[in-house]
1. Quick one: would you say K137 is of a type in the set (D, E, K, R) and either assigned to a loop (DSSP other than H, G, I, E, B) or in contact with a Leu (Cβ under 7 Å, 6 or more places away or on another chain) (or both)?
2. Identify all residues within the stretch 152-185 that are under 18 Å from the mean Cα position of the chain (by Cα) and surrounded by fewer than 21 Cβ atoms within 10 Å (Cβ to Cβ); write none if there are none.
3. Scan T345, T325, T317 and give me the residue that is in a strand (DSSP E or B), away from ligand 2 (no atom under 16 Å from the Cβ) and open to solvent by 20 Å² or more (accessible area, probe 1.4 Å).
4. Within the stretch 4-20, how many residues turn out to be touching a residue at least 60 places away in the same chain (Cβ under 8 Å) and in a strand (DSSP E or B)?
5. Pull up the stretch 192-218, narrow it to residues that are touching a residue at least 60 places away in the same chain (Cβ under 8 Å) and aliphatic (A, V, I, L, M), then point me to the one that is farthest from Y337 (Cα to Cα).
6. Determine, yes or no, whether G73 is away from ligand 2 (no atom under 16 Å from the Cβ), buried (at least 20 other Cβ atoms within 10 Å of the Cβ) and either on the phi > 0 side of the Ramachandran plot or not aliphatic (A, V, I, L, M) (or both).
7. State whether one or more residues within the stretch 223-231 are farther than 23 Å from K332 by Cα, part of a helix (DSSP H, G or I) and of a type in the set (A, V, I, L, M).
8. Among the listed residues G126, G143, G172, which satisfies the condition of being in a loop (DSSP other than H, G, I, E, B) and in contact with a Cys (Cβ under 8 Å, 6 or more places away or on another chain)?
Amino acid sequence: MTQTHAYGTTAATQPLGPLGIERRQPGPHDVKIDILFCGVCHSDLHTARNEWRNTMYPSVPGHEIVGTVVAVGDHVTKFKPGDTVGVGCMVDSCQHCASCADGEEQYCENGFTGTYNGRGKENTWGGYSENIVVDEKFVLRVGHEARDLAAVAPLLCAGITTYSPLRHWQAGPGKKVGIVGLGGLGHMGVKLAHAMGAHVVLFTTSPGKQADARRLGADEVVISKDPTQMAQHAGSFDFILNTVAATHDLDPFLALLKRDGTMCLVGAPEHPHPSPNVFTLILGRRSLAGSAIGGIRETQEMLDFCAEHGIVSDIETIAMKDINTAYERMLKGDVKYRFVIDIATLKQEAKAA
Ligand code: NAP
Ligand code: ZN
């Protein structure tokens, strides 16, 4: 084991602060990664504050990791020291169930091991730390330019969580696609759906985000609290991707779907949404669905798609010590559009201590 500096919390009501954690020595199939940047996902906040009621403390969040390989085990074939790599939300899965066989490890029938708060061979701690050791099967190749690496980090969760359902429900030319919420996931959803060639409509509760939404690739912007604006789109969507992190009424969005249209939820709020009106679903054979991140193969496909199309996240880089302020700002929707921690600031802090 090696001692590693990290940031985390020991209880739901405590702010995040410096913590010491232990990383395993790289085994034969492991890659040791020196972390450069880690994105701040709303799931980090849900977990740190035990909003999903499954947090193991101490908790070290962070699953949008970009770094440099510093050591590899004897049997590692895909990576070598010096490579730029990414790690997303998973670090292990059973590798033998039907979902794993299909490359959909996020639906592992025996439960995948999360990058943090995981209960695999060991408890897992995430990317708010100096380094991480991961089985090479769960390490991604990053092909972007070095200057973009901070902005690549959010692709590892926000990117794949929106890319996967957009592909599954075939967003593309001739399709009218809605994205609900312009936060970390939502802004990636807008960029990706636009790059796939769909007609993109952004739904927001924040009138101040309209110009940004258009710049990011939205063809139209709808203020979702305005019933008149909503009514103009009744029955017209092929697909709606809902990224909202809070409980809300789903009916106004379901009513905007065409016959056979689908709304997919990726937002995972602390409390359930009110049950949708059954008739809105029945009359139109509409579907309400959900989707979790994406498999490793598809995550690599997404990273390659983004490198090819010059897509990265719009970010605000922060120092590790400012994480608690960043959480409060995220709760107010005051982030354009993802915070990314410069892990060099954690290393400096650790050295000075
Ligand atoms: P985020 O950056 O905080 O964005 C969420 C957005 O939702 C906000 O920017 C806001 O957009 C909208 N919103 C917030 N509160 C709202 C309210 N009360 N009513 C209506 N809209 C509201 O969060 P994120 O990192 O994108 O994550 C979004 C959710 O996805 C979280 O619950 C997270 O845990 C979940 N998640 C799920 C997966 C998965 O695999 N399914 C993966 C990652 C994250 P506007 O200002 O534009 O309205
Ligand atoms: Zn996430």
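1. No; evaluated as a whole, the condition is false for this residue.
2. If the condition is that a residue be under 18 Å from the mean Cα position of the chain (by Cα) and surrounded by fewer than 21 Cβ atoms within 10 Å (Cβ to Cβ), then R167, H168 are the ones that fit.
3. T317
4. Total satisfying the criteria: 6.
5. Ranking the qualifying residues of the stretch 192-218, first place goes to A195.
6. No.
7. Checked the stretch 223-231: at least one residue is farther than 23 Å from K332 by Cα, part of a helix (DSSP H, G or I) and of a type in the set (A, V, I, L, M).
8. When all the criteria are applied, what remains is G126.
The values are calculated or read from the model by the stated rules, or taken from the named source; none is laboratory data. All values derive from a computational prediction rather than experimental measurement. Glycine gets a Cβ as well: all are built from the backbone with ideal geometry, and neighbour counts include every protein chain shown. What goes into the accessible areas is simple: the full protein's heavy atoms, side chains included, and nothing from ligands, DNA or RNA. Shrake-Rupley method; radii C 1.70, N 1.55, O 1.52, S 1.80 Å.
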